[in-house]
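Read-outs throughout are calculated quantities, based only on the coordinates presented, and are distinct from any laboratory measurement. Just so it is clear, the model here is predicted, and its values are computed rather than measured. Note: ideal-geometry Cβ built from the backbone for every residue, glycine included; neighbour counts use all protein chains shown.
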Amino acid sequence: MKKITKIFKTPFTEKEVEIGPDAQSDVLIMAIESSCDETACAIVKNGREVLANVVASQIKTHQQFGGVVPEVAAREHMEAINLVIAEAFQQSGLEPNDITAFAATVGPGLVGSLLVGLNAAKALAITHDKPFIGVNHLNAHVCANYIDTDLKPPFVALLVSGGHTQIIKVNSYLEQNIVAETIDDAVGEAYDKVARLIGLPYPGGPNLDKMAKEGNKNAYKLPQARVGENEFSFSGLKTAVLQLCQRLKKELGEVPKVDVAASFQECISETLVKKALNIAESEGIKTLALAGGVAANSEIRRKFFELENKGFKVFAPPMKYCTDNASMVAASAYFLANTMDDLTQEVFSRVK
Ligand code: KG4
Ligand code: ZN
């Protein structure tokens, strides 16, 4: 069978370094994630064993604005970056020379934020003469499922984050294709907008999830978009929630927020899990993996794991590896999914 490794060259001495799931020696990757509002650094051994995982969250800063302010985020990353790197070395007891390669998220994300992490990783790679590996943030979310597990392709991944909603068929460590995608809002975006609508503070998703647990999920029937088999759409759902709230306010004088939250969560979780199941069945794949910040959602996880009753092997990262973190970036660099190893690699805000 073909071996899955890649030979990287170090920047100065051009020493060859083998990285990948079939590499001969242990591979220790230090990765940095700074695509949005978390500054994170991690060290992961052989793509699955976390030796250090440090996350500095900016939630408190952005709370006062009700959302992430890109300029402020970039400045906060600058303040935190050296601290998270130092903390990761301390947690692991390792030194820069013990590291096999340095990795960072290249995109998609906020340009100013990405630049901070990318340049820090490049600087480390150059200073210590180690390979640099650029990582795609979406791949990284999927690769979070490799951490502490024996997950192997092929599998179908449901990726739900603040900016993306996709179903991905992961054929091998290196090869994957998107089989379904949203045509408008991402799931996390829908959560954040509906949360704001019912008066919940940033970050909307987790707050709405918490509130939904108190409510009656069958209180209101919300519409599931009628779109193609390979499409999602959530902007109509958001409008339906707005109209429901306006009607309830008029009729009852106030909106029963907990029931609205629970009904919204029921509708969205049903849509997502149903589509993932249909695609896995039609592809004949018996392994499923959940990924992205919204994979932390309690009801989506519950419904997803229920698929075990239908004979599926189901994976979902623990909470700390669902939302943005650097361990998943290190895993992605190791498994070589869509990586970029050019030191001149620039950041990108969107997937082209
Ligand atoms: O993956 P992520 O950390 O950042 C992006 O790459 O976008 O995802 C952030 C998104 C936000 O929209 C946030 O509200 C949502 O994930 N989120 C949740 C939960 N935890 C985070 N949404 C619903 N329920 C949760 N428990
Ligand atoms: Zn993310």
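Before moving on, here are some points about what is shown:
- Annotation: aspartates and glutamates with alpha-carbon distance below 13 angstrom to LYS286 (same-chain offsets under eight excluded): GLU308.
- J(HN,Hα) series, the range 17-32, from Karplus relation 6.51 cos²θ - 1.76 cosθ + 1.60, nearest Hz, glycine and proline x: 10, 8, 10, x, x, 10, 5, 5, 10, 4, 10, 10, 10, 9, 10, 10
- Three-way shape call for the range 96-166 based on the alpha-carbon gyration tensor, with the a/c threshold at 1.5: oblate
- Dividing the summed -39500 (n - 2.57) terms of all DSSP H runs of n ≥ 4 by the residue count of the chain sets its mean residue ellipticity at 222 nm at -12500 deg cm²/dmol.
- Residues whose amide H lies under 5 Å from that of ILE4, counting only those 5 or more places away or on a different chain, are ASP22; hydrogens are built 1.01 Å from N in the peptide plane.
- The equivalent ellipsoid that matches the C-alpha gyration tensor of the range 18-126 spans semi-axes of 27, 13, 12 angstrom, in descending order.
- Angle in degrees between helix 70-92 and the longest Cα principal axis of the chain, rounded to the nearest 10: 60 degrees
- Count, lysine Cα pairs under 24 Å in the range 143-256, 8 or more residues apart or across chains: 22
- Here's how it looks for ALA316: its modeled amide H is under 5 Å from those of LEU290, which are all 5 or more places away or on a different chain.
- Kirkwood hydrodynamic radius over Cα pairs of the range 155-317, then Stokes diffusion coefficient at 37 °C and 0.692 mPa s, in µm²/s: 205 µm²/s
- Residue-wise HN-Hα coupling along the range 33-40, computed from phi with Karplus coefficients 6.51, -1.76, 1.60 (Hz; x: Gly, Pro): 10, 8, 6, 9, 10, 10, 9, 9
- Angle in degrees between helix 235-252 and the longest Cα principal axis of the chain, rounded to the nearest 10: 40 degrees
- For the chain, share of DSSP beta bridges that run antiparallel, in % to the nearest 5: 60 percent
- Relative to its residue count, the chain spans a Cα convex hull of 131 Å³ per residue.
- Net charge, VAL72 excluded, C-beta distance under 13 Å - Lys, Arg +1, Asp, Glu -1: -2
- For PHE232, nonlocal amide neighbours, meaning residues 5 or more places apart or on other chains whose placed amide H falls under 5 Å from its own, are GLU181, THR182, ILE183.
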